[in-house]
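Peer 1: Below you'll find the structure I mean.
The values are calculated or read from the model by the stated rules, or taken from the named source; none is laboratory data. Keep in mind that this is a model prediction, so the values were computed, not measured. When we count neighbours, we look across all protein chains shown, and the Cβ atoms used for this are built from the backbone with ideal geometry, even at glycine.
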Amino acid sequence: MDFARISFGEMVAAVSGFLLILFMFLPWFGADIGLGDVGSVDANFWEVSDILDILLFLVGLIAIGVALARAAGAMPANLPAPVGTIVLGAGALAVLIVLFRLLVPPDGGVDGVDIGRKIGVFLGLLAAAGVAFGGYTASNERAAGVGPGA
């Protein structure tokens, strides 16, 4: 594996994809039902989502996989779009998913319980934006012939 083949954008996307997966395990939402510490409940993204968690996980894997494939020299030649554009699209999807969950938190299933946002959702948004930014940068580096192996 030659990590010198990975462009700056691909590296940003890969690190952001790893962080996105990691941040999915942090508390994203919490509820306080008025019983002090006993009545406080936190939930990570895996616990509050049905299919969106799998999509975010796949976005992280795509970003990491592209960098590893580039480093191994095993990048497929017959992709339907440039690799940077694929990562950009996956990152944009991740940003939309996290923004959706930020604006529309899951309901607690109980009337009168306010669901609050925790640090994980904000870090997840930054990581998703990092994947999108890395894909955008990678697509511009490869198009302009700037990056290694362009």
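Peer 1: Check Ala143, Ala92 and return the single one that is small (Gly, Ala, Ser), modelled with pLDDT under 90 and surrounded by fewer than 18 Cβ atoms within 10 Å (Cβ to Cβ).
Peer 2: It is Ala143.
Peer 1: Another question about this same structure. Does Asp42 satisfy the criteria of being acidic (Asp, Glu) and closer than 20 Å to Ile119 by Cβ? Talk me through it step by step, then tell me what you get.
Peer 2: Numbers: acidic (Asp, Glu): yes; closer than 20 Å to Ile119 by Cβ: yes.
Against the criterion (acidic (Asp, Glu) and closer than 20 Å to Ile119 by Cβ), Asp42 qualifies.
Peer 1: Given (1) loosely packed, with under 13 Cβ neighbours inside 10 Å; (2) more than 12 Å from the chain's Cα centre (by Cα); (3) at pLDDT 85 or above; (4) among the aliphatic types (A, V, I, L, M), identify the lone condition not met by Leu68.
Peer 2: Answer for Leu68: the failing condition is (1).
Peer 1: Tell me, please, whether a residue that is part of a helix (DSSP H, G or I) and either out of contact with any Ser or Thr (no Cβ under 6 Å at 6 or more places or on another chain) or buried (at least 16 other Cβ atoms within 10 Å of the Cβ) (or both) can be found in the stretch 103-117. Quick ask: steps written out before the conclusion?
Peer 2: Let us first name the residues in the stretch 103-117 that are part of a helix (DSSP H, G or I), namely 103.
Then drop every residue that is not either out of contact with any Ser or Thr (no Cβ under 6 Å at 6 or more places or on another chain) or buried (at least 16 other Cβ atoms within 10 Å of the Cβ) (or both), which leaves 103.
Checked the stretch 103-117: at least one residue is part of a helix (DSSP H, G or I) and either out of contact with any Ser or Thr (no Cβ under 6 Å at 6 or more places or on another chain) or buried (at least 16 other Cβ atoms within 10 Å of the Cβ) (or both).
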